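Contents: one structure, followed by commentary.
Every read-out reported here was derived from the displayed coordinates using simple, explicitly stated rules and does not represent laboratory data. Keep in mind it's a predicted model, so treat the numbers as computed, not measured. As a convention, Cβ positions derive from the backbone with ideal geometry for all residues, glycine included, and neighbour counts pool all protein chains shown.
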Amino acid sequence: MNLAVLGATGSIGASTLDVAAAHPDRYRLFALTAHASADALLELCRVHRPKYAVLSGVPGNAALAASFRDLHVELLFGAAALEQVASDADCEAVMAGIVGAAGLASTLAAARAGKRVLLANKEALVMAGPLVMRAARESGAKLLPVDSEHNAVFQCLSDVKAVRRIMLTASGGPFRALALDKLDAVTPDQACAHPNWVMGRKISVDSATMMNKGLEVIEARWLFDVEAGRIEVVIHPQSIVHSLVEYVDGSVIAQLSNPDMRVRDRHALAYPERIASGARPLDLAAMKSLSFERPDHQRFPCLPLAYAALRAGGTAPAALNAANEVAVEAFLAGRLPFTAIPRVIEATLNAVSNSDSMSLESIMEVDATARRKASERIQMARAA
Ligand code: NDP
Ligand code: MG
């Protein structure tokens, strides 16, 4: 299978390339992309020898292109090249592994072109769920969730019409048990020290605020066509149960494994086959306990904000996502305290008018407006 890995230099990219390298008989690398990490991309091209490489955030550069050409790799520049490789007739599967709103256009291009879309970039569905799902329906694209919770739900789903509830589990992140009055002073490195997974910094901060789970509720709403009222979040600190589906007869089906990314990656890549992942087998008897608790909305105000945006509908989730990206970036740069992240998002949601128009253009317009409002809010907070 010819595979394009969008976001090849990131955490999802690395785990995808591990699978591809372990199964050269199954996967041939068609394209690898990065935003600005030219050296890291060149190194990956040396190992994986794709047909194309893309640097989406770099203007054309002949010397750089020559160093890729030495490896028989054609280097493309600029964001439009992401859509180009994702929809190329020779590309069969696309790992959507770009972080943030920047991944929307290429994910949508892959869905429109009928590809097998391995969906890690949850922000695409958060911003434009109806658009992406319609594109996939019309083209026959297969969306396979890589996000571990959605991958779990996908594995537990047999009869969508008989689903009563979807229960997404959440680890609660690094601050689940920290005294509330200490949250104000937490640092980016503390926020990125996830108890069970090593991931990129943006999603790690999202896990610490639980906005990640809010984004995942929205992702699940569109991916599985189940409305917000039937999607619940439960904190499960051990990250063994990756999510659950309850049916109308009261049966609850869960997917379990040790928290090892290789399980979800192999499932999504090999589906409908199953291949060995190398993950440590579960030893139920050796496990002390599996615990579950309700999320505390005072500690995690981002979660109710995400539900509110989903219920508001239209472009509200796109505004939520944009404000979150700006606030998280400011927090990571030391320009915003952790506890101000939800305040910036709430203020932005109140300041951006909601639209029912679901075109890519109107969504990107709302994204830009929300980014501007969120930045203004952060500047105001710093000036105060
Ligand atoms: P990383 O930060 O590790 O990697 C991000 C990748 O996207 C890099 O290749 C980066 O390139 C590229 N990139 C960054 N900005 C842009 C841009 N503006 N345009 C194009 N490409 C860009 O992120 P993760 O791998 O952790 O996450 C990727 C996505 O997968 C996110 O949406 C996340 O929510 C989702 N996800 C991740 C999980 C994980 O285990 N990591 C689990 C579930 C979902 P460069 O190196 O040049 O900056
Ligand atoms: Mg997840």
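For Lys182, what is the net charge nearby, where nearby means another residue's Cβ is under 14 Å from its Cβ and Lys, Arg count +1, Asp, Glu -1?
Cβ neighbours under 14 Å give a net charge of 0.
Test of understanding: ordering Val245, Val234, Val5 by Cβ neighbours within 10 Å, fewest first, what list do you get?
Sorted ascending by nearby Cβ count, the order is Val234, Val245, Val5.
If each DSSP helix of 4+ residues adds -39,500 (n - 2.57) and the sum is divided by the residues in the chain, what number results at 222 nm, nearest 500 deg cm²/dmol?
-14000 deg cm²/dmol
Let's see if you can work this out: charge +1 on each Lys and Arg Cβ, -1 on each Asp and Glu Cβ, no other charges. What is the dipole magnitude of the stretch 139-227 about its Cα centre, in debye to the nearest 20?
Its charge dipole is roughly 140 debye.
When you count, for each residue, the other Cβ atoms within 10 Å and take the mean per peptide, how do 283-290, 75-82 rank with the highest first?
Highest-to-lowest ranking by the protection proxy: 75-82, 283-290.
I'm checking a number: the convex hull volume of the Cα atoms of the chain, normalised per residue, in Å³. What is it?
Enclosed volume per residue, from the Cα hull, is 141 Å³.
Counting other C-beta atoms within 10 Å, which of Ser207, Ser11 has the fewest, and how do the rest follow?
The fewest-first ordering by Cβ neighbours comes to Ser11, Ser207.
Treating the beta-carbon of each Lys and Arg as +1 and of each Asp and Glu as -1, no other charges, what is the dipole magnitude of the stretch 2-145 about its Cα centre, to the nearest 20 debye?
Dipole about the Cα centre, nearest 20: 380 debye.
Among Ser362, Ser148, which comes first, second and so on when ranked by fewest other beta-carbon atoms within 10 Å?
Fewest-to-most ranking of Ser362, Ser148: Ser362, Ser148.
Quote the relative contact order of the chain in percent (integer), defining contacts as alpha-carbon pairs under 8 Å separated by 6+ residues.
Dividing the mean separation by the residue count of the chain yields 14 percent.
Is there a pair in Lys161/Lys202; Lys213/Lys373; Lys182/Lys288; Lys51/Lys202 whose C-alpha atoms are over 26 Å apart, and which pairs would that be?
Beyond 26 Å between Cα atoms: Lys161/Lys202; Lys182/Lys288; Lys51/Lys202.
Rounded to whole Å and sorted largest first, list the principal axis extents of the Cα atoms in the stretch 2-145.
Computed over the stretch 2-145, the largest-to-smallest principal extents equal 42, 34, 26 Å.
Cut-off under 19 Å on the C-alpha distance; same-chain residues fewer than 8 positions from Lys142 excluded. Which lysines are left, in chain and number order?
Lys115, Lys122
Enumerate the amide H contacts of Leu76 below 5 Å, restricted to partners 5 or more residues apart or on another chain; note that Pro and chain-start residues carry no placed amide H.
Distant-sequence amide H within range of Leu76: Ala53, Val54, Leu55.
Find how many whole Å separate the alpha carbon centroid of the stretch 1-43 from the alpha carbon centroid of the stretch 139-165.
Between the Cα centres of the stretch 139-165 and the stretch 1-43 lies a distance of 25 Å.
For a quick protection proxy, order the peptides 324-333, 235-244 by their average other-Cβ count within 10 Å, most packed first.
So the order, starting with the most tightly packed, is 324-333, 235-244.
Given a cut-off of under 8 Å on Cα pairs at least six residues apart, what relative contact order in percent is computed for the stretch 32-169?
Over the stretch 32-169, the number comes to 15 percent.
Taking the Cα centre of the chain as the origin and placing charges on Cβ (Lys, Arg +1; Asp, Glu -1), which of Val19, Gln190, Val85 is farthest toward the positive end of the dipole?
Selected residue: Gln190.
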